[in-house]
Amino acid sequence: MPHALRVSPKPRRSIAPAAEPLERRTLLSGSPPGKETIAIQVPSAYISQHASQLDVTLVRTTAAGHARATRPITINFNAGSGLLPGGAQPGPSVAGQYFTPVNESVTFPAGVTTLAVAVPINSGAANAGLVPIELDVTSSAHQVKGSSTTVYLANSAAAVPPSIIGVQRVAGGIAVKFSKPMAPASVENIHNYAVKFSPTQKYSLENLNGVGLIETLTQMKQPIPLRRATYDPATDTVLLVAQEELGSAGSYQIMSPVSLLMKRGGPRKAQPLTDIEGNGLDQGGNVVGEFSITISKGKPYSAAQPVLSDGT
């Protein structure tokens, strides 16, 4: 008897969208809870030394796409000595002299997403500058992610370091606005700035092959020499004027020069931009005075004005 020829059916291609991973579908259905984060909220990055306490709000959130956790969780909240802007160490005996260190367990009851904790402040302490307080949230639970931030005790608004709160293209150059009155000799020194221009990413057809492509790629970041920097104390704004007219089809990066990080001195070595009290610029850099801001047409830079809070 002849053997029957067996033909395996050809698999059909599916045009349906791929199913979500089982783990994601399970979490969305509300079974096991997802990764949680405990965020730290404070009234301001700068707190008055004359305040009685710093009020801290802990906020419990769940990662997007995961089921909200309903179980109680316990975390550890710590307030201790931190680092000054730029990573400098504060003086000895900061914790205990200017504020009372805190190290306590805090429990979120089931369904509760915010809790308040407090850091006592020694309002009578003679604080001549800034005192850093590092706030940390940690947890031994694998599903809970902690966080940290640093706030600073200041005796007055004069001790709050300056920051850049606005950068935009204006007629004649680039305007950089500061949060407080600046030292003219510092902000009018063109060696304290570096400006680079990046052409637009919208290339024409001749840019996409051969010599045109090579020229385009080699011109992606062009240093812009500055002619002068003029400070207006009425608006706390410096106008950076380039040696040549600035273009509009691209972006500009305004930053501290690399020489700011060099140990070797010299007449053209960059110095931190400072306010009239002598405080160095704090823009969140690794060293005092380090900053980098990018703007483009229709997209200026804007940041909130730092305030000295009473701690509540």
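Each value in this text was obtained by applying a stated rule to the coordinates, not by laboratory testing. All values reported here derive from a predicted model rather than from experimental measurement. Counting neighbours? That spans all protein chains shown, and the Cβs are built from the backbone with ideal geometry, glycine included.
Cβ under 12 Å from Pro85's Cβ, Pro85 left aside: what net charge do those residues give with Lys, Arg +1 and Asp, Glu -1?
-2
Mind listing the long-range amide H neighbours of Ala45? Cut-off is under 5 Å, sequence gap 5 or more, other chains count too, H placed in the peptide plane at 1.01 Å from N.
Val307
From the P(r) of region 22-159, could you give the percentage of C-alpha pairs in the tail past 21 Å?
Value for region 22-159: 47 percent of Cα pairs lie more than 21 Å apart.
Shape verdict for region 132-173, please, from the Cα gyration tensor: rounded (a/c under 1.5), prolate (a/b greater than b/c) or oblate.
Oblate is the answer for region 132-173, as a/c is 1.5 or above yet b/c matches or exceeds a/b.
On a full-extension model of 0.36 nm per residue, what is the gain between Thr230 and Ala157, subtracting their alpha-carbon distance, rounded to one decimal in nm?
23.8 nm
Given axes a ≥ b ≥ c from the Cα gyration tensor, I'd like to know whether region 80-162 is rounded (a/c under 1.5), prolate (a/b larger than b/c) or oblate.
Taking the square roots of the gyration eigenvalues as a ≥ b ≥ c, region 80-162 is prolate.
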